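First up is the structure itself, then whatever we jot down about it.
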Amino acid sequence: MNATTTAAPAATPSPGAGRSAQYDAFHAARARTDLVARLYAAAMGEDYPVEVAASSSCDWPLLGLMTTRLRMRPGQLLVDAGCGTGGIGLWLARALGLRLEGFDLSPVAVTQATGRRLPFGLSPERAAFRVAELENTGLPGASAHGIVCVDALGGVADRNAAVRELSRILAPGGRLVMTRASRRGAVPAWTEQARAVGLTVEHVDERPAEPVLWERLYRLWIAHDGELRGKLGETQAQNMLREAHEVLPTLRERRAVLLTLRRPPTAPADPGAADTMTGPGRHPDVRTPQ
């Protein structure tokens, strides 16, 4: 994670070093209480996948849609990019008989994800997790038969580099399935941006219920202000409440999608400019969609 320079003996922190501490603090705080999970469950209702327990917009409809769009075969390698505590990748790997490689910026999240393999019935040979950034995964080129990236792009330092890196590790014929968002009425340049990194847009699935989910969740955070402060501590609660107040007014103009990009079966990788669309996420506890 640290790059040593020749100009000084001390290591220079990677761009993600400061962000990692914020994510670490949240995951450590959340592990001490079930309050955050209960609020997600209340916001999603029967669509909440209890076993996954993700801090994201991942609900049962999204899990089903990702399963369909990935089109993977048993034994193939799935990469969960920005995996958090691992629930999404573990669920998909078990359901589809896949091998899993997950990575996240937060060492605390990676430790928690590693500890969740046994409850999902997956061995270390089937599922592994590492600390890495989306811009620099450390994975071999063309090694992933499928990649999922759920609400993770909002925290990266360079989104162009992140999407270019995910394209690099995607094998010919493989698919990158990622949540994205734009303003209603805007014309996103997904086709051109995918072509720039050697991918094609295979599907754009609308998620009309996603902004409504965030609205319900944010209002629940605000309503449970005191409980959040008592259970998570002042700093974590204040970060969550600040995000809720800042993002709530923007949700009615939000268009959320699941974007499926595919590398042609015989085409080599073509690194280039990637999507620069921004998303609303601000606080590390919520992997808000991009």
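The values are calculated or read from the model by the stated rules, or taken from the named source; none is laboratory data. As the structure is a computational prediction, the values presented were derived from the model and not from experiment. Note: ideal-geometry Cβ built from the backbone for every residue, glycine included; neighbour counts use all protein chains shown. Accessible surface is based on the protein model in full, side chains and every heavy atom, while ligands, DNA and RNA are left aside. Shrake-Rupley method; radii C 1.70, N 1.55, O 1.52, S 1.80 Å.
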Do any trypsin sites (Lys or Arg not before Pro) in region 12-103 lie in a loop, going by DSSP, with at most 14 other beta-carbon atoms within 10 Å of their beta carbon, and if so which? 32
Sorted by accessible area with a 1.4 angstrom probe, largest first, how do 50, 148 fall? 50, 148
Taking every DSSP beta bridge that has both residues in the chain, what percent is antiparallel when rounded to the nearest 5? 50 percent
What are the extents of the Cα atoms of region 92-138 along their three principal axes, listed from largest to smallest and rounded to whole Å? 28, 18, 15
Please list 227, 46 in order of solvent-accessible area, largest first, computed with a 1.4 Å probe with all protein chains present. 46, 227
Could you state how much accessible area residue 234 has, in square angstrom rounded to the nearest 10, with a 1.4 Å probe and all protein chains kept in place? 110 Å²
So what's the net charge close to residue 183: Lys and Arg +1, Asp and Glu -1, counting the other residues with Cβ under 11 Å from its Cβ? +3
What value, in deg cm²/dmol to 500, does the helix sum -39500 (n - 2.57) over DSSP H runs of n ≥ 4 give at 222 nm once divided by the residues of the chain? -11000 deg cm²/dmol
Expressed as a percent, the accessible surface of the chain that is carbon or sulfur, using a 1.4 Å probe and the full set of protein chains, is 55 percent
Sorted list, accessible surface of protein heavy atoms, 1.4 Å probe, largest first, for 66, 72 is 72, 66
Working from the alpha-carbon coordinates of region 37-172, get Rg over Rh, Rh being the Kirkwood radius. 0.94
Area projected by the alpha carbon convex hull of region 94-217, averaged over all directions, nm²: 9.2 nm²
Percent of alpha-carbon pairs separated by more than 33 Å within the chain: 18 percent
The distance between the Cα centres of region 32-62 and region 186-247, in whole Å, is 14 Å
With all protein chains present, calculate the accessible area of residue 222 using a 1.4 Å probe and round the result to the nearest 10 Å². 60 Å²
Heavy-atom accessible area per residue - the chain, 1.4 Å, Å²: 42 Å²
Can you compute the radius of gyration and Dmax for region 119-184, using only the Cα atoms, both in Å? 13.3, 44
Computed accessible area, residue 65, all protein chains, 1.4 angstrom probe, square angstrom: 40 Å²
